[in-house]
Amino acid sequence: MIYSKNYITQFRDSSEDGMISLMGYMNFFQDAATSYMHELHKGNDTILEDYGCAWVYTKYRLEINDYCRIADNIEIKSWVSGQSRFGVLQEFLISSAGKKLAEGRLESYLIDMQTQKLCSLSRIAYPEDTVIPEKTGTSKFSRLGKKRTDDMEEGYSYKVLYTDLDKSRHMNNLKYVNLFLNSFTPDFYRENRIKVFEISYVGQSFFGDELTVFKATDNGRIRMTAVKQTGEAAASAVFELV
């Protein structure tokens, strides 16, 4: 199955320059990922109540070819390109008038919400015939993981608030994207364009947790890690600039 949706970009999807933001593209990707599973009746809207488990996103990679504008007509596509015992790999493609704007990939796994351990796709009777073995041109995931921060500059700290939580009662994965984006001033974004954004989720964060962002720049590649007050890494990310 290929999920496809036509969408008119909104003001809320844009940044201060009037172009659709990286966060806008990430929202499109998550909408496609969740809608895909909802159409299979295997989404987080129902499986927590029905099976006691939920999809947890572990890695995202977004590659941007071009930024579109407010009120542009775009098409968002998503499909499953790989499937294992515990998770799936989803591809994404955003285009407008036949022009590819962005593409990406998402890795997600099923987690038992009580034990916080992986559970098999068979537990939710996930279909075995959803895989379309076709991938976008997106590069492989980087090895981010639990990165050391001793070579990184300590940045700002943020406390997880109520509006950061989702149905699983932990900090929603897209809230980390804003956490990293807010590590820089408006001038940074006026002078730079992000070509690639990748994020790896290492651990969960909950209401009241304090996250500190560390960052380092290497030849136009910016590495970041969000660390909890316990010293545990919550997420790591990379920006690659044009």
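No value in this document is a laboratory result; all are computed from the given coordinates. Just so it is clear, the model here is predicted, and its values are computed rather than measured. All Cβ positions, even for glycine, are placed from backbone atoms using ideal geometry, and neighbour counts span all protein chains on display.
Take the alpha-carbon centre of segment 95-110, take the same for segment 57-84, and report the distance between them in whole Å. Distance between centres, Cα-based: 2 Å. Annotation for segment 81-135: GluC sites (Glu not before Pro) lying in DSSP loop with at most 15 further Cβ atoms inside 10 Å of their Cβ are E128, E134.
When you filter the trypsin sites (Lys or Arg not before Pro) in segment 65-99 for DSSP loop state and at most 14 other Cβ atoms inside 10 Å of their Cβ, you are left with R85.
Fully extending the segment from S4 to N182 would add 61.0 nm, taking 0.36 nm per residue of separation and subtracting the current Cα-Cα distance. Of K117/K159; K99/K175; K159/K215, which sit over 21 Å apart, Cα to Cα? Where the Cα-Cα span goes over 21 Å, the pairs concerned are K117/K159; K99/K175. Among the GluC sites (Glu not before Pro) in segment 1-62, those placed in a DSSP loop whose Cβ has at most 11 other Cβ atoms within 10 Å are E16.
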